[in-house]
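The values are calculated or read from the model by the stated rules, or taken from the named source; none is laboratory data. None of the values given here were measured: they were computed from a predicted structure. No Cβ is skipped: glycine too gets one built from the backbone with ideal geometry, and neighbour counts run over all protein chains shown. Only protein heavy atoms, including side chains, enter the accessible area calculation; ligands, DNA and RNA are left aside. Shrake-Rupley method; radii C 1.70, N 1.55, O 1.52, S 1.80 Å.
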Amino acid sequence: MKLPRTVSLVDVGPRDGLQNEKQPVPAAAKIALVHRLQEAGLRRIEVTSFVSPKWVPQMADNAEVMAGIARQSGVAYSVLTPNMKGFEAALGSRPDEIAVFGAASEAFSQKNINCSIAESIERFEPVVAAALARGIKVRGAISCAVGCPYEGDVAPERVALVARLMKQIGVQQVGVCDTIGVGTAAQVQRAMEAALQHFDIDQVYGHFHDTYGQALANTLASLQMGVWQFDTSVAGLGGCPYAKGATGNVATEDVVFMLQGLGIETGIDLDKLVDAGAFISGVLGRQPQSRAATAILNKRAA
Ligand code: HMG
Ligand code: MG
């Protein structure tokens, strides 16, 4: 097995993890979560999104959360910006990285961002240009890269098409996103291959929700292709408001435990990460959705 020697994880817990939370989560708790993640050694954190507060009320405190973070040098703080309105609102928060988010499925594009795939690329183009002009890095998520809650299976050709369009407008890294966590290893590899038709191996990342329990296997399948960047969510928090029933991303703790076992460097302290997951789970009044975290917490309690 030829695997990457180091892996870079983006913890998307504060954003993807909390965006769908029905109960109010105070900005102070989100800020404290970011602090605990950086303390645990995360070097990339997706903090929030600059989207319509009518669509996603949980992210309405975006600027407040960004302003409250005691930034650590060497840590990149990223935010989602679907259009120029969002990008302009985000600028005051000085993100190091932004992400535009499109989809490989027309129906999901309409439900999630209220426009077609072609229209989404038109909206993203000025956002990408404006970000690059300011030295802000740009990621592009391709949702429903293997399956869509409205259209079912999604062909790799759809992923290749969106990857090509994103490449054309200057997106620097593209994410193969299994929004509803239905993909299995070979499907995910085919979707990755589709993205790799237009982006180098250093420019693609995996973003796997764990609804069917496949996200860790899909992460390993991607590692075997040489992919070394992944979005993960502490305590397995999350889900997308426009993908009903889908659970959170693969838990950061589970991925770190697997990578440690494979001898792959992440720079993350698993014990501190478990503490971060236990902290936010406590705020939400539930247990961490991470097998590794649960095992470590049980061992500590014994
Ligand atoms: P729209 O309705 O097409 O936009 O929304 P519009 O330009 O027609 O404007 C309509 C209203 O929204 C106006 O307000 C605008 O001012 C406002 P009104 O006049 O009615 O009061 N508006 C905004 N407000 C704040 N920030 C903005 C913004 N843009 C317009 N940026 C839009 C388009 C994308 C904004 C909307 O559809 C939206 O907010 N959707 C939510 C998308 C979202 O956050 N989804 C979840 C994140 S994506 C995800 O989870 C997937 C991912 O994890 C990968 C994966 O797992 O697949 C990334
Ligand atoms: Mg997601």
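Return the pairs, sorted by first residue and then second, in which the second residue is of a type in the set (D, E), the first residue lies in region 209-223 and is farther than 16 Å from L259 by Cα, the beta carbons are less than 6 Å apart, and the residues are 6+ apart or on different chains.
Matching pairs, first to second residue: H209/D178.
Kindly indicate whether any position in region 89-98 is over 29 Å from L165 (Cβ atoms) and open to solvent by less than 30 Å² (accessible area, probe 1.4 Å).
Checked against the condition, which is being over 29 Å from L165 (Cβ atoms) and open to solvent by less than 30 Å² (accessible area, probe 1.4 Å), region 89-98 yields no hits at all.
Might you let me know whether region 16-25 holds any residue that is within 22 Å of D210 (Cα to Cα), without any contact (Cβ under 8 Å) to a residue 12 or more places away in the chain and touching a helix residue (DSSP H, G or I) at 6+ places or on another chain (Cβ under 9 Å)?
Within region 16-25, one or more residues are within 22 Å of D210 (Cα to Cα), without any contact (Cβ under 8 Å) to a residue 12 or more places away in the chain and touching a helix residue (DSSP H, G or I) at 6+ places or on another chain (Cβ under 9 Å).
Residues in region 140-149: is at least one surrounded by fewer than 16 Cβ atoms within 10 Å (Cβ to Cβ), more than 9 Å from ligand 1 (Cβ to nearest atom) and at negative phi? Explain how you work it out, then say what you get.
Pass one, region 140-149, residues surrounded by fewer than 16 Cβ atoms within 10 Å (Cβ to Cβ): none.
No, region 140-149 contains no residue that is surrounded by fewer than 16 Cβ atoms within 10 Å (Cβ to Cβ), more than 9 Å from ligand 1 (Cβ to nearest atom) and at negative phi.
Identify, from the list G102, G74, the residue that is open to solvent by 10 Å² or more (accessible area, probe 1.4 Å) and touching a residue at least 12 places away in the same chain (Cβ under 8 Å).
Values: G102 fails: open to solvent by 10 Å² or more (accessible area, probe 1.4 Å).
The match here is G74.
Filter region 1-35 for residues that are among the charged types (D, E, K, R) and within 18 Å of the chain's Cα centre (by Cα); which is nearest to G226 (Cα to Cα)?
Our first condition is that a residue be among the charged types (D, E, K, R); within region 1-35, this holds for 2, 5, 11, 15-16, 21-22, 30.
Pick out the ones that are also within 18 Å of the chain's Cα centre (by Cα) and you get 11, 15-16, 21, 30.
On the way: D11: 20, R15: 26, D16: 25, E21: 34, K30: 33 Å.
The selected residue is D11.
Restricting attention to region 244-262, does a residue exist that is open to solvent by 10 Å² or more (accessible area, probe 1.4 Å), in a helix (DSSP H, G or I) and aromatic (F, W, Y)? Let's see the steps before the verdict.
Residues of region 244-262 open to solvent by 10 Å² or more (accessible area, probe 1.4 Å): 244-247, 254, 257-258, 260-262.
Imposing the further condition that a residue be in a helix (DSSP H, G or I) reduces the set to 254, 257-258, 260-261.
Filter again for aromatic (F, W, Y), leaving 257.
Yes, the conditions are met somewhere in region 244-262.
What's the total number of residues in region 267-302 that are in contact (Cβ under 8 Å) with a residue 60 or more places away in the chain, more than 23 Å from Q58 (Cα to Cα) and buried (at least 20 other Cβ atoms within 10 Å of the Cβ)?
2
Condition first: more than 15 Å from ligand 2 (Cβ to nearest atom), crowded, with 17+ Cβ neighbours inside 10 Å and part of a helix (DSSP H, G or I). Now tell me which residues in region 162-189 satisfy that.
Residues satisfying the conditions are V162, A163, L165, M166, K167, Q187, Q189.
Which condition from (1) in contact with a Cys (Cβ under 7 Å, 6 or more places away or on another chain); (2) open to solvent by 60 Å² or more (accessible area, probe 1.4 Å) is the one that N20 breaks?
Evaluating N20 over (1) in contact with a Cys (Cβ under 7 Å, 6 or more places away or on another chain); (2) open to solvent by 60 Å² or more (accessible area, probe 1.4 Å) leaves (2) as the failure.
Rundown of residues vs (1) within 15 Å of ligand 1 (Cβ to nearest atom); (2) without any contact (Cβ under 8 Å) to a residue 60 or more places away in the chain; (3) of a type in the set (F, W, Y), yes/no style:
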site	(1), (2), (3)
E106	yes, yes, no
N114	yes, yes, no
F124	yes, yes, yes
I136	no, yes, no
R158	yes, yes, no
A163	yes, yes, no
Q172	no, yes, no
V188	yes, yes, no
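Can you tell me which residue among T252, T179 is β-branched (V, I, T), touching a His at 6+ places or on another chain (Cβ under 9 Å) and closer than 26 Å to K137 by Cβ?
Details: T252 fails: touching a His at 6+ places or on another chain (Cβ under 9 Å).
None of the others qualify; the one that does is T179.
Scan region 217-235 for residues that are open to solvent by less than 50 Å² (accessible area, probe 1.4 Å), closer than 21 Å to A76 by Cα and either in contact with a Leu (Cβ under 6 Å, 6 or more places away or on another chain) or not hydroxyl-bearing (S, T, Y) (or both) and jot them down.
V227, Q229, F230, D231, T232, V234, A235
Does region 37-53 contain any residue that is farther than 18 Å from V256 by Cα, outside any strand (DSSP E or B), open to solvent by 60 Å² or more (accessible area, probe 1.4 Å) and not hydrophobic (A, V, I, L, M, F, W, C)?
The answer is yes, given that some residue of region 37-53 is farther than 18 Å from V256 by Cα, outside any strand (DSSP E or B), open to solvent by 60 Å² or more (accessible area, probe 1.4 Å) and not hydrophobic (A, V, I, L, M, F, W, C).
Identify the single condition in (1) away from ligand 2 (no atom under 16 Å from the Cβ); (2) open to solvent by less than 60 Å² (accessible area, probe 1.4 Å) that T81 does not satisfy, given that it satisfies every other one.
For T81, the failing item is (1).
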